[in-house]
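The values are calculated or read from the model by the stated rules, or taken from the named source; none is laboratory data. Owing to the predicted nature of the structure, the values given are computational and were not obtained by experimental measurement. FYI the Cβ positions are ideal-geometry reconstructions off the backbone, even for glycines, and counts take in every protein chain you see.
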Amino acid sequence: MKIGILGAGNVGTTLGRGLAGAGHEIIYASRQPQSEKAQTLREQGAQVALAAEVVQRADVLILATPWSAAQAVIESAGDFGGKPLLDATNPIGPGFTLTHGHNDSGAEQVQRWAPSAKVAKVFNTTGVENMANPAYPAEHRAAMFVCADDEGACQAGLKLAADLGFEAVNAGDLTKARLLEPTALLWINLAIIQKQGRNMAFGLLRRS
Ligand SMILES: NC(=O)c1ccc[n+]([C@@H]2O[C@H](COP(=O)([O-])OP(=O)(O)OC[C@H]3O[C@@H](n4cnc5c(N)ncnc54)[C@H](OP(=O)(O)O)[C@@H]3O)[C@@H](O)[C@H]2O)c1
């Protein structure tokens, strides 16, 4: 697939490297497509362009900007033409608090900002270390939860998460982002605030 990544930061480039390794073509959207950073990404085999061009050329988009920049980046991207938009952001405000919750979510806000896209929430509930390597001892894999209203967007999120090596889990419709975004804050609380380290991930245990 041709994957457009809006936001070539920690998350964007980690997902980009992993998905390129799984055989996907990567196009990053950058505010400065001629910058030194953009040049380095090109040398690594990716393409870099402005957001509107990336949205036109990609099959699937990933949103990986700071929450504070998400609306502006979406608006600069223009018409998504019904393509899946996989929202990896977390709507974090001052003091590690969520700006949306209980009866709304960042993903639902992203869908309102981008009515021409099919939004799925994915890649928000764990850190970049697990995006680079979701494998744990005893053959455990980090879980990656996906939720979307649109079946195609959901399947795109599940496939890309599985391509990266996650156990991809369908969490339901887009309102389930109201559960996935606080789950991201739980990970941040354990890994960063309580200093338990970033090499931890949520997984699912099952028995029949
Ligand atoms: N870090 C994690 O482990 C992690 C895990 C899960 C989810 N998340 C979420 O993923 C999102 C991205 O996190 P990140 O750690 O990748 O952030 P980051 O390293 O700061 O990267 C964000 C990128 O967004 C682009 N951008 C566009 N408009 C911007 C603006 N006005 N201000 C700043 N950057 C802008 C920048 O690329 P250009 O300069 O090239 O445009 C920048 O490199 C956040 O919403 C975060 O909550 C992070």
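Observations on the model:
- Every residue from region 14-44 that is near the ligand (Cβ under 8 Å from one of its atoms) and buried (at least 23 other Cβ atoms within 10 Å of the Cβ): TYR28, ALA29
- Out of ALA132, ALA88, ALA107, ALA138, sole residue that is at pLDDT below 95 and within 24 Å of ALA201 (Cβ to Cβ): ALA138
- The listed residues are PRO137, PRO115, and the only one of them that is within 30 Å of LYS195 (Cα to Cα) and either crowded, with 19+ Cβ neighbours inside 10 Å or away from the ligand (no atom under 14 Å from the Cβ) (or both) turns out to be PRO137.
- A count restricted to region 166-191 and to residues that are touching a residue at least 40 places away in the same chain (Cβ under 8 Å) and either β-branched (Val, Ile, Thr) or touching a Gly at 6+ places or on another chain (Cβ under 8 Å) (or both) stands at 9.
- Single condition PHE123 does not satisfy, out of (1) surrounded by fewer than 17 Cβ atoms within 10 Å (Cβ to Cβ); (2) within 16 Å of the ligand (Cβ to nearest atom): (1)
- Any chance ALA107 is in contact with a Cys (Cβ under 9 Å, 6 or more places away or on another chain), within 13 Å of the ligand (Cβ to nearest atom) and either in contact (Cβ under 8 Å) with a residue 12 or more places away in the chain or among the β-branched types (Val, Ile, Thr) (or both): yes
- Taken over region 1-13, the criterion of being β-branched (Val, Ile, Thr) and within 11 Å of the ligand (Cβ to nearest atom) is satisfied by ILE5, VAL11, THR13.
- From ALA201, ALA153, residue being closer than 24 Å to ILE92 by Cβ, buried (at least 17 other Cβ atoms within 10 Å of the Cβ), within 14 Å of the ligand (Cβ to nearest atom) and touching a residue at least 60 places away in the same chain (Cβ under 8 Å): ALA201
- Yes/no for ALA64 being buried (at least 20 other Cβ atoms within 10 Å of the Cβ) and either under 26 Å from ASP163 (Cα atoms) or free of Cβ contacts under 8 Å to residues at least 60 places away in the same chain (or both): yes
- Among (1) buried (at least 18 other Cβ atoms within 10 Å of the Cβ); (2) over 26 Å from ALA58 (Cα atoms), the one test that SER208 misses: (1)
- Lone unmet requirement of (1) of a type outside the set (Phe, Trp, Tyr); (2) in contact (Cβ under 8 Å) with a residue 12 or more places away in the chain; (3) on the phi < 0 side of the Ramachandran plot for SER35: (2)
- Subset of region 80-94 (residues that are within 14 Å of the ligand (Cβ to nearest atom) and outside any strand (DSSP E or B)): ALA88, THR89, ASN90, PRO91, PRO94
- Elements of type strands (runs of 3 or more DSSP E) in region 25-79, at least 2 residues being under 15 Å from the mean Cα position of the chain (by Cα) and closer than 16 Å to ALA114 by Cα: 60-63
- Which listed residue is free of Cβ contacts under 8 Å to residues at least 60 places away in the same chain, more than 21 Å from THR126 (Cβ to Cβ) and not hydroxyl-bearing (Ser, Thr, Tyr), from GLY93, GLY45: GLY45
- Filtered by the rule that a residue be surrounded by fewer than 17 Cβ atoms within 10 Å (Cβ to Cβ) and either in contact with a helix residue (DSSP H, G or I) (Cβ under 9 Å, 6 or more places away or on another chain) or closer than 17 Å to LEU98 by Cβ (or both), region 189-198 gives ASN189, LEU190, ILE192, ILE193, GLN196, GLY197, ARG198.
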